[in-house]
Structures are given as structure tokens and as C-alpha cells.
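Report on the structure given below.
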Amino acid sequence: MAVEVDRFPPDALGRGAALANLLGDWTAGPGPLYRKLADALARAVREGALHPGDRLPAERELAGVLAVSRATVVGAYDELRGREVIERRQGSGTRVSRAARAPLSDGRVRGGGAGAIFQRLIDGPGPLISLACAADRGGPEVTEALQEVVAHDMQDLLGDPGYHPRGLPVLREAIAEHYTTHGLPTCADQILVTTGAHQALVVIAEVYLRKAATVVVEAPSWPACLDVFRSASAELVPVPLDDEGIEVRGLRNALAEHAPALLYVMPSYHNPTGVLMSELRRRQVVELAARYDVPILEDSAYSGMGLSECGLETPPPLAATAGEHVETVTVESLGKAVWGGLRIGWVRGPVEVIERCARRKALADLGSPIIDQAVAARLVPRLDELAQSRSAGQRERCAALEERLRQRLPDWRWRRPDGGSSLWVELPDTNADVFAQLALRHGVEVIPGSTMDHTGGHENYLRIPFTHPPGVLDELVERLCRAWTELRRHGPRDSAPLRPII
């Protein structure tokens with residue numbers, strides 16, 4: 001069975017859904033809708049998100065995705081032609097003008113899916129309720145650890161030159177002890193401290209991936225992580241999930257057919273589905289990786305963040321199952337269990353791999369801030385306790401969000417997540433890209449499933465985090481309900497045309 005590879009054609013931005021994602025909250029502010037759309041498209045050209053020669057969607061296609069009238073798109077295109085931003089040629093459609101000037105790069109990953117997520121982090125919270133980020137606030141334990149560092153560690157820290165590309169030794173030792181306690185014997189030389197888990201993925205991609213390398217990934221997966229691989233010019237081979245994790249049959253076919261440079265998985269509370277990979281599936285994954293000699297990159301961002309009331313422990317990392325048979329690197333951080341603002345992550349792997357990663361880390365920033373690392377060193381020994389406390393709060397908010405959705409949006413469907421911080425919700429007979437446009441007009445920034453699975457298998461899904469305070473969750477559901485009611489009055493996209501908003 002052939003496995004589809006993510007190749008992203010040069011004119012991928014011409015796809016309506018991708019362009020809608022690029023435009024963001026384009027309907028905000030005063031003025032007629034066609035002019036706001038024209039301004040947003042012109043801004044995308046000016047900033048370099050759209051390049052000279054890029055083909056834009058046909059009027060009808062873009063109108064359908066944006067839930068506006070075709071006249072609105074026609075008016076916007078006419079406005080842009082008048083500004084000489086776009087041009088139309090017989091047989092080649094509507095394209096960004098060849099004369100348009102754009103920066104060499106706008107900072108986005110060409111063909112990537114995480115643009116809206118990163119842009120929300122750059123722009124800040126704003127008036128929208130954003131579902132782009134599933135991160136909780138920091139707790140008092142961070143303040144306590146910082147006070148302890150100031151009281152007891154500062155003299156030694158200030159006497160240090162401050163450059164530790166591998167990481168502060170006391171923190172690396174604490175992380176190694178954490179893994180050893182959880183059934184994976186580890187020494188400090190197997191640990192590299194990074195500025196968050198995201199940098200860990202970047203460093204690993206630089207070490208493992210060469211141009212045209214292939215990475216096998218789960219579908220769906222989190223686009224911000226996948227864009228790291230795309231930025232390294234890797235091709236992505238998606239494999240579906242079931243209730244036990246990545247599918248064995250699809251994984252076997254992908255490994256056999258593509259001989260990938262990496263297998264990237266999130267076995268412990270997968271993002272966005274919340275699935276916990278079963279013990280049997282973990283053994284099967286390791287056996288397949290060994291058979292086809294493929295290194296495993298395990299993303300354990302949500303390790304310890306289970307939602308079971310039984311208090312079940314997260315299984316040990318895949319490296320504990322793999323032993324010496326498979327080269328395995330594990331990425332983890334304090335972002336979910338403690339606080340993302342601390343920006344402390346790490347890589348656990350074979351000593352020689354960590355050595356290569358340390359060289360890339362030194363090239364990037366010479367080492368993460370050591371005061372932050374000193375704070376982390378006092379928190380890592382408490383990581384299990386802190387994760388359990390955070391999980392208890394998440395469990396309450398998850399239950400509250402589920403109850404509100406059942407009451408206000410009874411047609412929506414989801415599987416109760418095993419862990420993590422969000423619901424993976426299926427919209428009945430509805431394209432989530434279209435719903436996302438209506439949700440924006442009701443004050444909610446939605447990340448549709450199409451950004452997490454380019455195969456189209458989850459275009460009717462949304463990820464809804466339950467990290468917001470209860471009052472915000474109440475307002476969130478009310479806004480989603482208003483947007484859904486408006487969409488249903490127009491009719492589902494797949495069975496009837498939308499009555500557009502002009």
C-alpha cells in the first residue's frame with residue numbers, strides 16, 4: 001500500500017484553506033468587507049507571505065472558504081488589480097503581480113501549517129479568545145524556586161562564566177535522576193538542556209535531517225512541530241492513529257517504503273488527540289523501528305499529564321522499551337507541568353547524539369540562561385508532584401468544558417482524552433476551515449484540523465484547549481455556539497451552499 005508523502009507544491013498557498021489561515025482575523029475593524037479582504041491580501045504580499053507569481057484561489061473557491069459572497073471576493077480582487085498588487089491572465093488565473101516587491105522571507109515555513117499559532121504568540125492575546133495555544137499559567141512553585149535560588153545559589157552562579165551549551169550540570173544531573181527513577185537509567189552526559197522543547201526539536205532536526213530526508217509522523221499531529229521538519233526541507237509521511245496510538249500496519253508500510261531518517265511520535269498524551277499509546281503498541285513501534293533501523297524521536301511534552309481519576313502513571317519513555325536495539329531520543333520540558341514561560345526543555349539520548357546536538361546548541365545561543373536553569377534544577381525533583389497537581393486542575397476543567405459542550409452543542413462529538421490539555425472535536429458534516437471563519441467573527445480564533453493533517457482526513461475537526469479559566473470557558477462555548485447557529489442556518493457546506501455573509 002503506497003503511503004502519501006507531504007510534498008507541498010510551489011503554489012500551495014493558492015489553496016483556499018491555506019490562504020484563509022494566512023489572513024488571520026481579516027474581518028476585524030471598520031469598512032466594507034471587500035476592502036478589508038483586499039487590505040489583508042495586500043498586507044500578505046507586502047510582508048512576503050504571498051510571493052510574486054503565486055496563484056490565488058478562484059473567486060468562488062475563496063468565497064466558499066471565507067463564508068462570504070462571491071461579490072465580496074470579486075470586489076477585493078478588483079481593488080487589488082487597481083492597486084497593481086495582482087494581475088489576471090487568460091488561462092493562468094489570478095496571480096500576485098510579478099512587479100510586486102516582497103521581502104526575501106516573511107519568516108513563515110513555506111507550506112507549513114503553524115503560521116496562525118506562531119502569529120498569535122507574536123501578536124499577544126488581543127480581544128479574541130484564542131485556541132491556538134494550550135498553555136496554562138505558572139504556579140507559586142516557580143516563585144518559591146526562584147526565591148530559593150536568590151537566597152542560596154546566586155553567589156555560585158555569578159562566579160560562573162555563564163556559558164553551558166550542554167546545560168547547567170546540576171540541572172542535567174537532576175533530569176538524569178528523574179529518568180532513572182522512572183525506569184530508564186540515565187547519566188548526565190545523556191542530557192542536553194535546551195530553551196524549551198521547541199528548540200530541542202530544531203536541534204535534533206539539524207543533526208538528523210539532510211535535504212530531501214523523510215520523517216514519518218502521526219496524522220494528525222501538532223503543526224508547530226511539523227514545521228520544524230519542513231523548515232529542514234524534510235518530506236513528511238503521515239500515518240494515522242487509532243485508540244492505542246500510531247497504527248501498526250500504516251507504520252510498517254511507511255518504514256518499509258520510505259526508509260525515513262526519523263520516526264516522530266508522541267506516545268504519552270498525543271497532541272491534539274490526547275491518546276496514550278498502549279504498552280503493546282509501544283513494543284510494536286520499537287520492534288518495527290529496530291527491524292527497519294529507524295531512529296525514534298519521542299516527544300514527551302505531556303508526560304505525566306494524564307486525566308484518569310485512578311492516578312495511573314505515564315509509562316516510561318520508549319527508550320526504556322527500546323534499550324540498545326533502537327537509537328531513541330526523547331524530548332521533554334517543564335512547559336506543561338510547570339510553566340511555559342520558564343523555557344526549559346531537554347533532550348535525552350545516546351551520549352554521541354547528545355554531543356552532536358550540543359554543538360548545534362552552542363552554535364544557536366551558546367547555552368540557555370543559567371538562572372532559569374537553576375530554578376528548573378529545584379523544580380525537576382518535584383516534577384511528578386507538580387504534574388499530578390496540574391493534571392487534577394486540568395481534569396476539572398476538561399469535565400466542565402465537556403458538560404458545557406454537551407448542553408450547548410450536542411451535535412459535536414469527541415473522545416474523552418487520556419491526558420493532555422485539549423479536546424479533539426469532530427464537527428458533523430462541516431468543514432472546520434469554514435467554521436473557523438465564522439468563529440473569528442464571533443471572537444474565537446479556532447485552529448482547524450486541516451492545519452494538523454494535510455491528508456484531509458481531519459478537515460472537520462477542531463482542537464479546543466481547556467486551559468482557560470472557567471469563566472473564559474463559559475464565554476468560549478457561548479461564542480462557539482453563536483457561530484455554529486449562524487453556520488447551521490446557512491446549511492452545512494458539504495450538503496448545501498452557504499448563504500454568504502456580504
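The values are calculated or read from the model by the stated rules, or taken from the named source; none is laboratory data. Predicted, not measured: the structure shown is a model, and the values here were computed from it. Ideal geometry is used to build each Cβ from the backbone, glycine not excepted, and the neighbour counts take in all protein chains shown. Quick note on the areas: whole protein, heavy atoms, side chains included, nothing else; ligands and nucleic acids left out. Shrake-Rupley method; radii C 1.70, N 1.55, O 1.52, S 1.80 Å.
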Going by the conditions given, is THR186 under 19 Å from GLY345 (Cβ atoms), of a type outside the set (Gly, Ala, Ser) and in contact (Cβ under 8 Å) with a residue 12 or more places away in the chain?
yes
If I ask for residues that are part of a strand (DSSP E or B) and either surrounded by fewer than 18 Cβ atoms within 10 Å (Cβ to Cβ) or touching an Asp or Glu at 6+ places or on another chain (Cβ under 7 Å) (or both), which ones from segment 330-344 would you list?
THR330, VAL331
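Yes or no, residue by residue, for (1) closer than 26 Å to VAL207 by Cα; (2) at pLDDT below 95; (3) not basic (Lys, Arg):
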residue: ARG281; (1), (2), (3): no, no, no
residue: VAL286; (1), (2), (3): yes, no, yes
residue: TYR292; (1), (2), (3): yes, no, yes
residue: LEU297; (1), (2), (3): yes, no, yes
residue: GLY304; (1), (2), (3): no, yes, yes
Which ones in segment 440-457 are polar (S, T, N, Q) and either part of a helix (DSSP H, G or I) or without any contact (Cβ under 8 Å) to a residue 12 or more places away in the chain (or both)?
SER450, THR451
I'd like the full set of residues that are among the acidic types (Asp, Glu) and more than 17 Å from SER268 (Cβ to Cβ), limited to segment 395-423.
GLU396, GLU402, GLU403, ASP411
Here are VAL265, VAL329, VAL275: which of them is modelled with pLDDT of 95 or more and more than 16 Å from the chain's Cα centre (by Cα)?
VAL329
Just one of the numbered conditions (1) over 18 Å from VAL329 (Cα atoms); (2) open to solvent by 10 Å² or more (accessible area, probe 1.4 Å) is not true of ARG283; which one?
(1)
Any chance segment 26-44 includes a residue that's over 21 Å from ARG98 (Cα atoms), part of a helix (DSSP H, G or I), in contact (Cβ under 8 Å) with a residue 12 or more places away in the chain and open to solvent by less than 50 Å² (accessible area, probe 1.4 Å)?
yes
Note on segment 194-225: residues touching a helix residue (DSSP H, G or I) at 6+ places or on another chain (Cβ under 6 Å), closer than 25 Å to ALA364 by Cα, open to solvent by less than 10 Å² (accessible area, probe 1.4 Å) and at pLDDT 95 or above are THR194, LEU201, VAL203, ALA205, VAL215
How about segment 418-435: which of its residues are touching a residue at least 40 places away in the same chain (Cβ under 8 Å) and open to solvent by 10 Å² or more (accessible area, probe 1.4 Å)?
ASP418, TRP424, PRO428, ASP429, ASN431, ASP433
Every residue in segment 45-79 that is of a type in the set (Val, Ile, Thr) and either surrounded by 21 or more Cβ atoms within 10 Å (Cβ to Cβ) or touching a Lys or Arg at 6+ places or on another chain (Cβ under 6 Å) (or both), please.
VAL45, VAL65, VAL68, THR72, VAL73
Given the conditions (1) of a type in the set (Gly, Ala, Ser); (2) surrounded by fewer than 20 Cβ atoms within 10 Å (Cβ to Cβ); (3) touching an Asp or Glu at 6+ places or on another chain (Cβ under 9 Å), which single one is not true for SER303?
(2)
